Amino acid sequence: MIPMVDLNLQYHRLKNEIDSGIRDVLEKCQFILGPNVTAFESEAAEYLGVPHAVAVASGTDALHLALAAAGIGPGDEVITSPFTFIATAEAIRYVGATPVFTDIDPQTFNIDPAKIEAAITPATRAIIPVHLFGQPADMSAITDICDRHALLLVEDCAQSFGAATLGETMTGAIGSFGCFSFFPSKNLGCYGDGGMVTLASAELADSVRVLRNHGSRQRYHHHVIGFNSRLDEIQAVILREKLKHIDEYNANRRRVAKLYNELLSGLDIVVPYEDGKCVHVYHQYTILSDQRERIMKELAEQQISSAIYYPIPLHRQDVFAEAYRDCSLPVAENVVKNCLSLPIFPEMSEEQIVRVANAIKNTFV
Ligand SMILES: *Cc1c(COP(=O)(O)O)cnc(C)c1O
């Protein structure tokens, strides 16, 4: 069986370090906002090249608290991609603002900067590009639009830890906020839920810290309504250990993608596009094919996992369908019909990659 991601293998390679780190937390009994969270925040900030990092309970919360700290609220519009996980749009709704979906680029699957400007209204306050599947969105064009229209730039980095653009600038260090998820299957994942907000502004970092901890700076003194959204010490221990290996993990994801590209060339499928200007970290390896159902069936017969990320664009999800009935985003609507993600993880062996590629070739003979 070849899974989409093999978390067990990754755990066993770091088992001694992770087990002893967790045992240490259990012995010391400081579980919430302790020394490992503080250390992880500064190690992650240094790795990403950002002045501040605030660890929170999930990627969804990272987006929510970033928008809340920025004062986005009812009456405000936030432009984002329709081809993403629902959390991107949920966070916009949590603060009472309205998601405005604009179409994606057919090659990168990221929000298309050329479509953004037409969607800007006097109510627009922010843009949330998603660095989908580990590939940075076109940040030079999006930064330029934000500057010209005085819009806040909030990066959804849930799938892009370690991805870089604009001359080696890491995703999460470009906009006013970077929002990361440490869900177990993400490129940097813990063993439960976790997330992080990165930012340049000390003032906004303080706001996020206050919001994640019940609106409190000093214990039992509360000056705003906040949330309970903290990363715990056990997750921080795991993340600190995995952060040491993130470059190797991402390099190996690129290795897998490169071999897939070679083995799948010449077939009537579209392999992932890379513009050569940024570092894609292949959270997913996603192909396009009008033979998707046949490929999935063949893979399943050979005990190989595959998955459709994502089968429905957000403006067509039940929860939004009524409100966005008149919204037409043909590129996203077309991509969801043909996209298929293949197994990819740092520990994937050449033999496994060849097996997947051969199974796909089989469907074309
Ligand atoms: C995973 C993900 C999120 C949400 O992160 P959680 O940690 O699961 O809350 C947000 N946006 C995108 C693009 C994601 O892939």
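None of the figures in this text is laboratory data; all of them are computed from the coordinates on show. What you see is a predicted model, and the numbers here were worked out from it, not measured in a lab. All Cβ positions, even for glycine, are placed from backbone atoms using ideal geometry, and neighbour counts span all protein chains on display.
Only four residue types carry charge here, +1 at the Cβ of Lys and Arg and -1 at the Cβ of Asp and Glu. Report the dipole size of the range 89-245 about the Cα centre in Debye, rounded to the nearest 20.
In debye, rounded to 20, the range 89-245 gives about 660.
Based on C-alpha coordinates, I'd like the Rg and Dmax of the range 166-256, in Å.
15.6, 51
Distance check, please: which entries in Lys186/Lys244; Lys297/Lys337; Lys244/Lys361 exceed 26 angstrom between their Cα atoms?
As for pairs spanning more than 26 Å Cα to Cα, those are Lys244/Lys361.
Got the relative contact order for the range 242-338 handy, in percent, Cα pairs under 8 Å and 6 or more residues apart?
Dividing the mean separation by the residue count of the range 242-338 yields 23 percent.
Treating the range 231-295 as a set of equal point scatterers at the Cα positions, no solvent, please give the Debye-formula log₁₀ I(q)/I(0) at q = 0.20, 0.29 Å⁻¹.
Calculated log10 I(q)/I(0) at the listed q: -0.86, -1.27.
Give me the percent relative contact order of the range 82-222, please, defined on Cα pairs under 8 angstrom at least 6 residues apart. Walk me through the numbers on the way to the answer.
Details: 219 pairs, mean separation 19.6, N = 141.
It comes to 14 percent, rounded to a whole number.
Can you find, among Val25, Tyr260, Ala68, the residue farthest towards the positive end of the dipole of the chain? Put +1 on the C-beta of Lys and Arg, -1 on that of Asp and Glu.
Val25
Amide H to amide H, which residues 5 or more places from Gly175 or on other chains are under 5 Å from it, using H placed in the peptide plane?
Here Glu155 satisfy the definition.
Which order do peptides 203-210, 99-106 fall in by mean Cβ count within 10 Å, highest first?
Averaged packing, sorted descending, gives the order 99-106, 203-210.
Enumerate the calculated ³J(HN,Hα) couplings along the range 250-265 in order (Karplus 6.51 cos²θ - 1.76 cosθ + 1.60, θ = phi - 60°), each rounded to whole Hz, writing x wherever the residue is Gly or Pro.
Taking θ as phi minus 60°, the curve returns 5, 4, 6, 4, 5, 4, 4, 4, 5, 5, 4, 4, 5, 6, 9, 5 Hz for the range 250-265.
Run through all the Cα pairs of the range 209-365 and give the fraction in each 10 Å bin from 0, expressed as whole percent.
The distribution over the range 209-365 is 9, 26, 24, 23, 13, 5, 1, given as percents.
Where a Cα-Cα gap under 20 Å defines reach, which lysines qualify for Lys277, not counting those fewer than 8 residues away within the same chain?
Lys258
Rounded to whole Å and sorted largest first, what semi-axes of the equivalent ellipsoid does the C-alpha gyration tensor of the range 2-161 yield via the square root of 5 times each eigenvalue?
Gyration-tensor ellipsoid for the range 2-161: 34, 19, 14 Å.
Under a no-solvent Debye model with one identical scatterer per Cα of the chain, what's log10 I(q)/I(0) at q = 0.06, 0.09, 0.13 Å⁻¹?
Scattering profile of the chain, log10 relative to I(0): -0.22, -0.50, -1.04.
Comparing Ser81, Ser42, Ser328, which has the greatest mean-square fluctuation in the GNM of the chain with Cα pairs linked when under 10 Å apart?
Ser328
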